[in-house]
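All remarks here apply to the structure that follows.
The values are calculated or read from the model by the stated rules, or taken from the named source; none is laboratory data. Predicted, not measured: the structure shown is a model, and the values here were computed from it. Cβ placement follows ideal geometry from the backbone for every residue including glycine, while neighbour counts extend to all protein chains displayed.
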Amino acid sequence: GYDSDIADAVIWASGGSVSGVPTNANPAEAINLSLGGSGACGSAMQSAINGAVGRGTTLVIAAGNSNANVSGFSPANCANVVAVGSVTSTGARSSFSNYGAGVDIAGPGSAILSTLNTGTAGPGTESYASYSGTSMATPHVAGVVALIQSVASPALTPAQVEALLKSSARAFPSPPSQPIGSGIVNAKAAVDAAGGGGGNVAPVANFSSSASGLTVSFTDTSTDSDGSIASRSWNFGDGTTSTATNPSKTYAAAGTYNVSLTVTDDDGATNTKTSPVTVSTGGGGSVLGNGVPVTNISGAVSSQQFWTLAVPAGASNLKFTIAGGSGDADMYVRFGSAPTTATYDCRPYLNGNNETCNIATAQAGTYHVMLRGYSAYSGVTLTGSYSTGGGGAQTYSNGTDVAIGDNTTVSSPITVSGRSGNAPASTPVAVNIVHTYRGDLKVDLVAPDGSVYVLHNRTGGSADNINSTYNVNLSSEALNGTWNLRVNDNAGGDVGYINSWSITF
């Protein structure tokens, strides 16, 4: 469907008025949106969300499954929502989960066992299947919101619900590889804090920081609504710790570190805040954090502004982007020293403010970014990001549902960038399609150059659904580009949808 359909659904479900539809007599107190796509939050969607929040509805939205900063994915990047990241059964960030300061809380989203039913117009065969994605994590949080409101008297506002979710969250077992909120949703603690258990209200961990070169001064700004903070435990992301209230830390090397603060109140309840902190050896302009957007940048015609990003050894998928706003800013990127209008490693030089520099092979050290006003500009967002993890295989996924109608052909894309070389001879392609009578379907993997690899060709007869992993020889295909899962329905009477798919190389 269209974004406007989703916006209307949010309005109607929350008790608002939608033309041509009777008003919902039982407005939802929690709306789960396990959906999304790349791009900024649209004005119609933001307006629908604001209206729903004003009517007392909490919007819980999947952060997305692109292993990227949530700031680039809507509607999770809209204001006044609870954006949900995913963790594994061990509490680690799921490899696919989007991340960043815009993620509010995490929930279980890897290998979640779900009930299935093959019926489309009535009950069919019942079964189970294991799914992964922030779409699995988000309902856990939405369910807890419903539990909170069931015991709260009077009902809490959406802002109060979000604060309670964060303050009652369980601490991550260790700082996640990228920030994904204040912790892992904790149903019992949240219900207790809302009035269902009459117990202690957990503290809310928070801190600010100020960097000068390699030294960072931290200030604890945590609060406890029904008591006091009894102790603090800092993890500076480099293996060192502290229990001081407002510690100072000098790092050995420039880079971005995920710092966590765990606070314990006077009744023993805990809460953790994790946030990236970037340090540099000085000079070269403002410092970028990995995946942390710098927003609302403005400049006059011919003005020049500079930033740096420290990139560790072994990093991959290095990318710099500018987006949004008005006017025309041009981006210049250079390794080792500041770029000029004549000397640079990358300069897209496009009209407007949507430019990307993909660095195929990242070097360890400092990258410098310059924004120059081709004309006056404002409201621009700059982001520098990279992946770490030793250069091993990465999984790219698309969890956005794509409807499969009778006798139609549909596609679901995955775009890969910042990689070098070709795909391996045995590339796993995981496909999850919900469709009655899978013998109707032909499923192809279409490479960026248009080459077609048949995964499934009208086999399986009347059996339902495809949930398989295919190992495909893609050694002749370059990694970078847009890959498509193409599904062709060849008969009438049975429909379904692409639920998700992924490719790993």
Here's a check for you: in the stretch 1-25, which residue that is in contact (Cβ under 8 Å) with a residue 12 or more places away in the chain and among the acidic types (Asp, Glu) is farthest from Gly51 (Cα to Cα)? Asp3
Being closer than 24 Å to Ile503 by Cβ and polar (S, T, N, Q) is the requirement here; does Ser74 meet it? yes
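Those residues that are within 28 Å of Ser177 (Cα to Cα), surrounded by fewer than 17 Cβ atoms within 10 Å (Cβ to Cβ) and either in the same structural domain as Ile180 (by TED's automatic domain parsing) or not hydrophobic (A, V, I, L, M, F, W, C) (or both), I need them from the stretch 288-323; list them, please.
The answer is Thr295, Asn296, Pro312, Gly314.
Every residue in the stretch 48-85 that is assigned to a strand (DSSP E or B) and surrounded by fewer than 24 Cβ atoms within 10 Å (Cβ to Cβ), please. I'd like the intermediate steps shown before the answer.
Residues of the stretch 48-85 that are assigned to a strand (DSSP E or B), as a first pass: 58-62, 69, 73-74, 82-85.
Result: Ser74, single match.
Output the residues belonging to the stretch 99-120 that are in a strand (DSSP E or B) and either at positive phi or not small (Gly, Ala, Ser) (or both). Steps first, please.
The initial filter retains those residues of the stretch 99-120 that are in a strand (DSSP E or B), namely 99, 105-108, 112-117.
Within the stretch 99-120, Tyr99, Ile105, Pro108, Ile112, Leu113, Thr115, Leu116, Asn117 qualify.
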Considering the stretch 432-458 alone, what residues qualify as being part of a loop (DSSP other than H, G, I, E, B) and at pLDDT 90 or above? Ala447, Pro448, Asp449, Gly450, Ser451, Arg458
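Which residue out of Gly227, Gly299, Gly291, Gly285 is at pLDDT below 80 and touching a strand residue (DSSP E or B) at 6+ places or on another chain (Cβ under 6 Å)?
Numbers: Gly227 fails: at pLDDT below 80; Gly299 fails: at pLDDT below 80; Gly291 fails: at pLDDT below 80.
So the residue among Gly227, Gly299, Gly291, Gly285 that is at pLDDT below 80 and touching a strand residue (DSSP E or B) at 6+ places or on another chain (Cβ under 6 Å) is Gly285.
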Would you point out the residue of the stretch 391-415, among those that are within 10 Å of Phe505 (Cβ to Cβ) and touching a strand residue (DSSP E or B) at 6+ places or on another chain (Cβ under 6 Å), that is surrounded by the most Cβ atoms within 10 Å (Cβ to Cβ)? Tyr396
Does any residue of the stretch 310-320 turn out to be modelled with pLDDT of 85 or more, within 11 Å of Thr383 (Cα to Cα) and not aliphatic (A, V, I, L, M)? yes
So which residues in the stretch 387-421 are part of a strand (DSSP E or B), modelled with pLDDT of 85 or more and not hydrophobic (A, V, I, L, M, F, W, C)? Thr409, Ser411, Ser412, Pro413, Thr415
Specify the residue that is farthest from Gly119 (Cα to Cα); the eligible residues are those in the stretch 428-472 that are over 25 Å from the mean Cα position of the chain (by Cα) and either in the same structural domain as Gly133 (by TED's automatic domain parsing) or touching a residue at least 60 places away in the same chain (Cβ under 8 Å) (or both). Asn465
